[in-house]
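Heads up, the thing below is written out as structure tokens.
The values are calculated or read from the model by the stated rules, or taken from the named source; none is laboratory data. Predicted, not measured: the structure shown is a model, and the values here were computed from it. Ideal geometry is used to build each Cβ from the backbone, glycine not excepted, and the neighbour counts take in all protein chains shown. Areas reflect the complete protein model, heavy atoms only, side chains present, ligands, DNA and RNA absent. Shrake-Rupley method; radii C 1.70, N 1.55, O 1.52, S 1.80 Å.
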Amino acid sequence: MDPKIEVRELNVWYGNHHVLKDLSIKIPERRVLAIIGPSGCGKSTLLMTLNRMIELVEGARVEGRCLLDGVDIYNPGIPLTELRRRVGMVFQKPNPLPKSIYENVAYGPKVHGVKDRRKLDEIVENCLKVVGLWDEVKDRLNKSAFELSVGQQQRLCIARALAVKPEVLLMDEPCSALDPMNTRIIEKLICSLGRELTVVVVTHNIQQAARVSDFTAFIYLGRLVEYGPTDRLFESPVNRLTRDYISGEFG
Amino acid sequence: MEETLKSFDFLKSLRRMDWVKLILMTIASLSIVIVLLIALFTISESIPAFSSLGLDLLLGDRWAPYYGRYGAAPLVYGSLIVVFGAVLIAVPLGVLSAISLAEYMPRKLGEVVKPMIELLAAIPSIIYGFLGMVFIAPAITKLFGISLGRTALTGSIVLSMMITPTIVSISSEVISSVPREYRMAAIALGATKWQVIRGVVIPTALPGIAASILLAFGRAVGETVAVLMSCGCVAKIPSPPWNLLDPVHTLTAAIALDMGEVAMGSMHYHVLFGLGVILFVITFSVNTAAWLLMRRAPRRLIKV
């Protein structure tokens, strides 16, 4: 099967700081890929290169290729808005827009030209149902999104990302700000989303990677150290560094 | 020995601190006292006017103080129409400049442009008055084929130049303070830069932008010299009332023109203080409204 995303010899610099070094990886379609590694190893940077959000970081420079369905997303002719519709993103800290719950989910479709009210209603309801928020908020869709708990806010952000029908969903430590119960809910959600679309989740929580992912990539000091099916990687890591990291010797 | 020295030093610094504190407190409270005294003085001097004329002072439509007619309605109307005109011109100019300054200009360029715009606010108002008299009034005469160029519109144009910096400077500050995570959220959904600005940044910054407009309004209402030089100083409600090409007179200009020649303690004298009170009420309520709106300007709202 062709990979959904193929990264080839990717190098990223922040100013003079070389963050990602000759990184190549093939990301399979409709699976969950977990990216693990110690803080500052370049996990989040890799994620941001996949939807070109990295270009918002001042002083960032990207070299190498990054193919989405075989097309390099760094081609000058690629429309950024369409790329970011296809490759959605969920951030570490829940970041609902200062709008109502309804408007948060409807914002993406509206930006991409959906005007029909009934269609928007339908999208909002579906997406909120997918993240399990519908029953909790259906009576207060017009209330501010800030009235929700942090865990609910993060699920709202996932619903918002899903509303534009992305093919890939990038998640940057989506549970690190949440309590254990909401973490459970979102982990389950990641598992089920992995059957519909390609999910790439960055996490510093090794157990979480084991629970939610089909494949795991271990990055250390900007290099891809080991990559394989999650079960295999956790049971019999080939690289000594990987073994030390997943057994908790450093992190 | 050393111990005692240290504690002595400490005591000394404590005492010095108290002195500094005391002096600063006195100075700070002095300014409050001055404001209160000004208000008290203005109000007390206006009491004879209000008690003998009552609401006629505010609603009477004939301002002819040398004939004993003290109806300030034409002045209030003149002030408001000139200021509304100025705000109408300055708001699109100021808000769009603020957006381009905060969102589109490279940071280095913005750091040069913003102080230059703010410098416009530092130009003495008499210079703006010159500008209105010498350039804008003749231009209006030519443009509209009227005989007198000093009109409400002339005053509005001059005032708009004076208040635009206030709007630009506060609005661009508020726009820049819209949290980055809001923008990131919208950009990650595929919104274009303009969509982010229109759909996320502006709505979030709106209370602050509105406050900047109100502050500019307050400044415009109180402006005197430039208005006096460019509005024509005819105390009559234009006909029709929305005709911006008629000369008008304003509260501030009337006070400034008459105060020099009025007899101390006469009715005219007290009436001028009455105008001052009306002005006070307008600017005070506008500033309070601006302050209330400012408190709703963006803050980090996410608790994590």
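Using only Cα atoms and rounding to the nearest 10 degrees, what angle (0 to 90) does helix A:101-111 make with the longest principal axis of chain A?
For helix A:101-111, the angle is close to 70 degrees.
Computed on protein heavy atoms with a 1.4 Å probe, what is the summed buried accessible area for the chain pair A and B, in Å² to the nearest 100?
2100
For chain B, what does the helix formula give at 222 nm: sum of -39500 (n - 2.57) over DSSP H segments with n ≥ 4, over the residue count, nearest 500 deg cm²/dmol?
-23500 deg cm²/dmol
Using helices alone, I'd like the mean residue ellipticity at 222 nm for chain A: each DSSP H run of four-plus residues gives -39500 (n - 2.57), total over residue count, nearest 500.
Helix-only estimate at 222 nm: -10000 deg cm²/dmol.
Taking only C-alpha pairs under 8 Å that are 6+ residues apart, what is the relative contact order of chain A in percent?
The value is 28 percent.
Ordered by packing density, taken as the mean number of other Cβ atoms within 10 Å over each peptide's residues, highest first, how do A:164-172, A:76-84, B:42-50 rank?
A:164-172, B:42-50, A:76-84
Please compute the modelled spin-label separation between B:Arg180 and B:Ser100, points set 7 Å along Cα→Cβ, answer in nm with one decimal.
2.6
Specify the residue with the greatest mean-square fluctuation among A:Arg155, A:Arg117, A:Arg31, computed from a Gaussian network of chain A linking alpha-carbon atoms under 10 Å apart.
Ranking A:Arg155, A:Arg117, A:Arg31 by mean-square fluctuation puts A:Arg117 first.
Students often get this wrong: which residues of region B:196-216 have the backbone nitrogen under 15 Å from the point 7 angstrom along Cα-to-C-beta of A:Ser144?
B:203-208
Under Stokes-Einstein, with the Kirkwood radius over Cα pairs standing in for Rh, what whole-number D in µm²/s applies to chain B at 37 °C and 0.692 mPa s?
Calculated translational D: 146 µm²/s.
To test your reading of the geometry: what angle, between 0 and 90 degrees and rounded to tens, separates the Cα axis of helix A:180-193 from the longest principal axis of chain A?
Long axis of A:180-193 versus the principal axis of chain A: about 80 degrees.
Label points 7 Å out from Cα along the Cβ direction at A:Val238 and A:Glu9: separation in nm?
It works out to 2.1 nm between the two label points.
Just to be sure I follow: if Rg is taken over the C-alpha atoms of the protein assembly as shown and Rh is the Kirkwood radius over the same atoms, what is Rg/Rh? Numbers along the way, then the final one.
Values: Rg = 32.6 Å, Rh = 28.6 Å.
Radius of gyration relative to Kirkwood radius: 1.14.
Determine which residues of region B:242-281 fall in the zone a paramagnetic label at B:Leu88 would reach in this model, i.e. backbone nitrogen under 15 Å from the point 7 Å along Cα→Cβ.
Label zone hits: B:242-248.
So how far, in whole Å, is the C-alpha centre of region B:206-243 from the one of region B:42-101?
Measuring centre to centre over Cα atoms gives 8 Å.
Where in chain B are the helices, taken as whole DSSP H runs, whose Cα atoms extend 27 angstrom or more along the long axis and whose Kyte-Doolittle mean reaches at least 0.5?
B:2-53, B:73-99, B:152-176, B:202-222, B:267-294
Other chains' Cβ within 10 Å of B:200-206 residues: what's the mean?
2
Determine the share of region B:57-300's accessible area contributed by carbon and sulfur atoms, expressed in whole percent, with a 1.4 angstrom probe. Spell out each step's value before the answer.
On the way: 7900 of 11240 Å².
The computed percentage sits at 70.
Whole number in Å², please: accessible area per residue of region B:57-300, 1.4 Å probe, ligands, DNA and RNA not counted.
I get 46 Å² per residue for this part.
What full-extension length gain, to one decimal in nm, is calculated for B:Val281 and B:Ser266 as 0.36 nm per residue of separation minus the Cα-Cα distance?
The B:Val281-B:Ser266 span can extend by a further 3.1 nm.
How high is the FRET efficiency from B:Lys142 to B:Val112, r the C-beta distance, R0 30 Å, rounded to 0.05?
0.25
Return the FRET efficiency for the residue pair B:Asn243, B:Trp19: r is the Cβ-Cβ distance, R0 is 60 Å, and the value is rounded to the nearest 0.05.
0.45
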